[in-house]
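What follows is a short report on a single structure.
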Amino acid sequence: MVDYHGRFAWYELITTDMAAAMAFYTKVMGWGARDASTPDLAYTLFTSEKSSVSGLMDLPEDARKKGATPRWVGYVSVNDANATADRIKRLGGAVYVSPTNSNIGRISIVADPQMATLALVEGLKAGQQKPAEPGKPGRVGWHELITSDGEKALTFYGELFGWQKAGAEIDPTGTYQPFSAGGQTIGDMLTKPPSEMVPFWLFYFNIGDIDAAAERVKTAGGQIFAGPNDSPGGNLILHCRDPQGAAFALQGTRSEKGIGWSSEWEGFSSKGKLVTDPRS
């Protein structure tokens, strides 16, 4: 039996307008949408090639009152949510929502010691029992932690999930450290300048033509903060914000009929790294 502990397995958009968010992402990503609500929770599944790839739910009112804003949350598969949540606290992190049963499995909302939020899921029920397929269109193909100290972050996640270094590269905005999970390089940890942003996870969705995707983001009411820029992996990337304010990224290629560079994207680093907080 394959052990999926420590692998990203699900992604969820928590937002202030489910209908508007559904219209935006189905247009930009080409996803389908299927209602998966329960009597107690309005919930939508985004689908790609008939497979569920992410979820959509409303930002709870009590969370809004505490200052929470729309965001994408990544769920890491764990064998025991209670034990992992306890370990997070012992390692200096925080548990915002204690392990509880939900429509997608037993979940917990947590934060690492530098306060970047993520989630745990035990016994995933959202249409798949294995990690998402990062190479397919419409899926998350890269995970980027923008944090205060990449080395400390990697030590924390290494102790928690067994993640490991996967080479190193220095770029103009700080230390860019790829990491692997289960032997597969799935993302990077980027040490941000002290004056920029609060730590957070940014998820890169696979898209086809990056220029066409950029046009769809703008015409659907989203914003582009950086890109299309080259990435170390050879793709072109965009950093974006949806109409409700949730940050996300796209990675794809440029067709021979691409629309080319726009002056509104000048002034960003050659690696496509964020210069300003997309949530500000």
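The values are calculated or read from the model by the stated rules, or taken from the named source; none is laboratory data. These numbers were taken from a predicted model, which means no experiment stands behind them. Every residue, glycine among them, receives a Cβ derived from its backbone with ideal geometry; neighbour counts consider all protein chains shown.
Brief remarks on what is shown
- Where Val198 falls short, out of the listed (1) within 18 Å of the chain's Cα centre (by Cα); (2) at pLDDT 95 or above; (3) aliphatic (A, V, I, L, M); (4) surrounded by fewer than 20 Cβ atoms within 10 Å (Cβ to Cβ): (2)
- Residue within the stretch 14-35 that is among the hydrophobic types (A, V, I, L, M, F, W, C) and assigned to a loop (DSSP other than H, G, I, E, B) present: yes
- Here Asp188 meets the list (1) within 25 Å of Gly158 (Cα to Cα); (2) over 13 Å from the mean Cα position of the chain (by Cα) almost entirely, failing just condition (2).
- Among the residues of the stretch 1-41, just one is touching a Lys or Arg at 6+ places or on another chain (Cβ under 7 Å) and basic (Lys, Arg), namely Lys27.
- In the stretch 37-60, residue nearest to Phe203 (Cα to Cα) [restricted to those that are surrounded by 19 or more Cβ atoms within 10 Å (Cβ to Cβ) and aliphatic (A, V, I, L, M)]: Val53
- In the stretch 209-247, the residue that is surrounded by the fewest Cβ atoms within 10 Å (Cβ to Cβ) out of those that are assigned to a strand (DSSP E or B) and of a type in the set (Val, Ile, Thr) is Ile224.
- Here Glu49 meets the list (1) modelled with pLDDT under 95; (2) within 18 Å of the chain's Cα centre (by Cα) almost entirely, failing just condition (2).
- The listed residue being in contact (Cβ under 8 Å) with a residue 24 or more places away in the chain, part of a strand (DSSP E or B) and either of a type in the set (D, E, K, R) or farther than 15 Å from Leu13 by Cβ (or both), out of Leu124, Leu120, Leu45, Leu56: Leu120
- For the stretch 166-192, residues that are at pLDDT 90 or above and of a type in the set (D, E, K, R) total 1.
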